[in-house]
Amino acid sequence: MDVELAEERVLVVRDRFSMDHAEGRAWTKRVEAFGTMAKLTGFLSRPRDEEFEVVYRERRLQPFWRIACTALHVYERNRGYRVTVAPNVQEVMLEGTVRPVTDGGFAISGVEHCRDEAEREYLFDAIRGTPDTALAAHLKHEADVSDAAALAAVALTGTVVVPPEAKASMLVRDVLAGAIVRIEADRVLEEKLSLHLIDLYYRPVYAFRYRWQGKEAVVEFDGVTGDTRIGGSTFEQHVGKLVDAEFLINAGVEAAGLFIPGVRLAEIVISRSLNAKRDGVQPGAGSPRAKP
């Protein structure tokens, strides 16, 4: 089996909103964020604005993984076929060979030439490591190729850069496992796994923590889609911390070795230090496939 691995990249989806805009949108959800108690209080007398205090606000880059794989199998298999004929047929001459008819038909054999190709793409929350198809909405917007140095510079400006807790090699291993399917073959001509996307995306998220009557609640605003949701999280524990550049190196190679011991790597295109060129990336664009 041949395995092709794409270059591992880091991309940052462009922010479409400002902190002021995000805070204004989040403010409209402050009462809802405190749940039933705040709503019941609102029926009697709506809570005054001065009763709410913004105790923490953050802009963060939150990670998710985009991994895509294509599995190709080219093979041959021997097959027998039964051909049904009219009731009065006793035998059939086929390619110079007489085929006797029994039970209304006769048997022939042949070799089937088969090609199976399946492409799968997965989006994973890079913190929990769980699949999240809703993240596809962020791929519709422009993103820029980045690297560890650029992320470090962003962190120094006050933006929280959240490190991915889900290890890329484990996710890649799961993707490879799902791509390998059982085939019925007498002769395998070509068998290849092409892992053509191993991308770590960062998307901008704004979060605001409010205090009301001694309780606290968080409202998040998505800096790409413009969606606002209550009950989010904050990551102040990562304020000012730099992302470890080692989290992405050799993810594909490590995963291939874990899942397919001794596999021959047909070609490997590896980013050793995440120093990818910081070219603009079009919406939904993926890394180029490895070339033979």
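The values are calculated or read from the model by the stated rules, or taken from the named source; none is laboratory data. Computed from a predicted model, the values in this text were never measured in an experiment. FYI the Cβ positions are ideal-geometry reconstructions off the backbone, even for glycines, and counts take in every protein chain you see. Side chains included, ligands, DNA and RNA excluded: accessible areas come from the protein's heavy atoms. Shrake-Rupley method; radii C 1.70, N 1.55, O 1.52, S 1.80 Å.
Would you call ARG203 closer than 28 Å to ALA22 by Cα, touching a Ser or Thr at 6+ places or on another chain (Cβ under 7 Å), among the basic types (Lys, Arg) and surrounded by 13 or more Cβ atoms within 10 Å (Cβ to Cβ)?
No, not satisfied.
Determine the pairs where a residue that is closer than 20 Å to ALA177 by Cα, located within the range 54-70, has a partner that is open to solvent by 20 Å² or more (accessible area, probe 1.4 Å) and hydroxyl-bearing (Ser, Thr, Tyr) with Cβ atoms under 6 Å apart, the partner being 6 or more residues away or on another chain. Qualifying pairs under 6 Å: ILE67/TYR122.
Among the residues of the range 121-131, the ones that are in contact (Cβ under 8 Å) with a residue 40 or more places away in the chain and outside any strand (DSSP E or B) come to 3 in all. Checking each residue in the range 160-190 for being of a type outside the set (A, V, I, L, M) and open to solvent by 10 Å² or more (accessible area, probe 1.4 Å) picks out PRO163, PRO164, GLU165, LYS167, ARG173, ASP174, GLY178, ARG182, GLU184, ASP186, ARG187, GLU190.
Checked across the range 21-31, the condition of being closer than 25 Å to LEU195 by Cα and surrounded by 12 or more Cβ atoms within 10 Å (Cβ to Cβ) holds for no residue. Scanning the range 98-119 for residues that are of a type in the set (Val, Ile, Thr) and assigned to a strand (DSSP E or B) turns up VAL98, THR102, ILE108, VAL111.
Taken together, the residues in the range 85-97 that are surrounded by 11 or more Cβ atoms within 10 Å (Cβ to Cβ) and part of a strand (DSSP E or B) amount to 3.
Test ALA137 against the stated conditions and say whether it is closer than 30 Å to PHE64 by Cα and among the small types (Gly, Ala, Ser). When the stated conditions are applied, ALA137 passes them. From the list ALA118, ALA134, which one is in contact (Cβ under 8 Å) with a residue 60 or more places away in the chain and closer than 23 Å to ASP174 by Cβ? So the residue among ALA118, ALA134 that is in contact (Cβ under 8 Å) with a residue 60 or more places away in the chain and closer than 23 Å to ASP174 by Cβ is ALA118.
Across the range 175-216, the number of residues qualifying as touching an Asp or Glu at 6+ places or on another chain (Cβ under 9 Å) and assigned to a strand (DSSP E or B) comes to 24.
Considering each residue of the range 228-237 in turn, at least one proves to be modelled with pLDDT of 85 or more, within 27 Å of HIS138 (Cα to Cα), among the basic types (Lys, Arg) and surrounded by 13 or more Cβ atoms within 10 Å (Cβ to Cβ). Within the range 206-225, the set of residues being within 25 Å of LEU11 (Cα to Cα) and either open to solvent by 10 Å² or more (accessible area, probe 1.4 Å) or of a type in the set (D, E, K, R) (or both) comprises GLU220, ASP222, THR225. Within the range 136-156, the residues that satisfy the criterion of being among the small types (Gly, Ala, Ser) and open to solvent by less than 50 Å² (accessible area, probe 1.4 Å) are ALA136, ALA137, ALA143, SER146, ALA148, ALA150, ALA152, ALA155.
One line per residue, one yes/no per condition, for (1) surrounded by 11 or more Cβ atoms within 10 Å (Cβ to Cβ); (2) among the charged types (D, E, K, R); (3) out of contact with any Cys (no Cβ under 6 Å at 6 or more places or on another chain); (4) at pLDDT 95 or above:
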| residue | (1), (2), (3), (4) |
| --- | --- |
| LEU44 | no, no, yes, no |
| GLU51 | yes, yes, yes, no |
| ARG59 | yes, yes, yes, yes |
| ALA68 | yes, no, yes, no |
| ARG77 | yes, yes, yes, yes |
| ASP103 | no, yes, yes, no |
